[in-house]
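Asks: What follows is a single structure, and I will ask about it in a moment.
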Amino acid sequence: MFGDQGASSARGSGAIQEINEKAIELEGYTDDQLAVMHGHGEKSEIEYRLAWARTNLKNLGAVTNTSRGVWALTEYGRTATESELIERDKTWRKELAAKRAERLIGQAATEPEGDEEVGVVAAVDAGEDWKVQLLRCLMEMPA
C-alpha cells in the first residue's frame with residue numbers, strides 16, 4: 001500500500017510523497033486531474049484528499065505517523081478489509097458526533113423553567129447559539 005521502493009515498503013511505511021505517488025499510480029490519475037489545485041493553496045485537490053485519507057486512517061487505527069512525514073501501517077491496518085474499515089469509520093463518526101453534541105449541550109445555557117418562553121426566539125434572547133438549540137431539540141427527540 002505504501003510504496004514499492006526500498007526497505008520502507010517492506011515494513012508497510014513510506015514518506016508522504018512516496019505514498020502519494022503510489023496512490024496516483026494505482027488510481028491512474030491524469031495530468032489534468034493532478035493539475036487541479038485545492039483552493040488557493042499549494043497542494044493539488046488529490047494531494048489534499050490523500051492527506052485527509054491518511055488522517056482518517058490514523059483515526060481508525062489503521063496507520064500511524066511514525067515521524068514527521070512518514071506513515072506506517074499498524075497491525076490492524078495490515079489485516080483490515082475495506083468493509084471493516086468502512087464499518088469502523090461509521091462507528092467512529094457516530095461517536096465523534098455524539099461527543100461534539102455532548103460538549104455543545106454541556107456549554108449551552110440551562111433549560112428554561114416553568115412557563116418561560118421556549119423555542120428559537122427564547123434561545124436567541126437567552127444568548128444560546130442556534131446550533132446548540134437545534135442539537136438540544138434533536139437529542140430530545142425519541143429515536
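We did not get these values from a lab; they are worked out from the coordinates using the rules stated. Note that the structure is a prediction, hence the values are computed from the model and not measured. Using ideal geometry, Cβ is built from the backbone for each residue, glycine included, and neighbour counts are taken over all protein chains shown.
Asks: Can you return the lysines within cross-link range of K58? Criterion is Cα-Cα under 20 Å, with same-chain partners fewer than 8 residues away left out.
Replies: Cα-Cα hits under 20 Å: K22, K90, K94, K99.
Asks: Same structure, new question: Would you please put 12-21, 40-49, 75-84 in order of how densely packed they are, using the mean number of other Cβ atoms within 10 angstrom per residue and starting with the highest?
Replies: 12-21, 40-49, 75-84
Asks: Just add up the charged neighbours of R100: K/R +1, D/E -1, any other residue whose Cβ is under 12 Å from the Cβ of R100.
Replies: My count for the surroundings of R100 gives +3.
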